[in-house]
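Everything on this sheet refers to the single structure shown next.
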Amino acid sequence: GSAGERCMAISVVVAVGDVGDQLVEAIRVRMEKLVIGAASDPSSEMGPLITREARDRVAGYIQAGAEAGCQVVVDGRDQAFEGDGFFLGVSLLDHVTT
């Protein structure tokens with residue numbers, strides 16, 4: 001598992017031409033299978049963020065992207081998790097221009 005470390009996050013992928021839609025779909029499908037849970041659970045592939053502030057900051061980035069016209073393909077803010085921790089689901093934004 002991980003706790004949202006920057007070294008684990010791929011923040012930007014630039015895909016040129018028709019391959020972009022195919023890539024977004026492939027990433028979306030993989031994201032649906034990602035196991036999010038407690039860092040102590042060996043089956044977890046991603047754990048919670050370190051603090052409530054960190055979770056809220058990332059959720060704010062998703063909101064800002066949506067307000068700027070990005071397509072929110074997968075919205076981690078809508079996902080519910082059991083247990084303690086500052087969880088935020090995986091998110092995927094497309095058509096980001098800035």
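What follows is calculated from the coordinates using simple rules that are stated; it is not laboratory data. Since this is a predicted model, take the numbers as computed values, not measurements. Note that each Cβ is placed from the backbone with ideal geometry, even for glycine, and that neighbours are counted across all protein chains shown.
If you fit an axis through the alpha-carbon atoms of helix 52-67 and take the longest principal axis of the Cα set of the chain, what angle between them do you get, 0 to 90°, nearest 10? It works out to around 20 degrees. Per residue, the chain reaches -10000 deg cm²/dmol at 222 nm when only DSSP H runs of four or more residues are counted, each adding -39500 (n - 2.57).
According to the Cα-based calculation, Rg over Rh for the chain is 0.97, with Rh computed by the Kirkwood formula. Using a Förster radius of 30 Å, what is the FRET efficiency between Ala39 and Ala64 based on their Cβ-Cβ separation? Nearest 0.05, please. That gives a FRET efficiency of 0.65.
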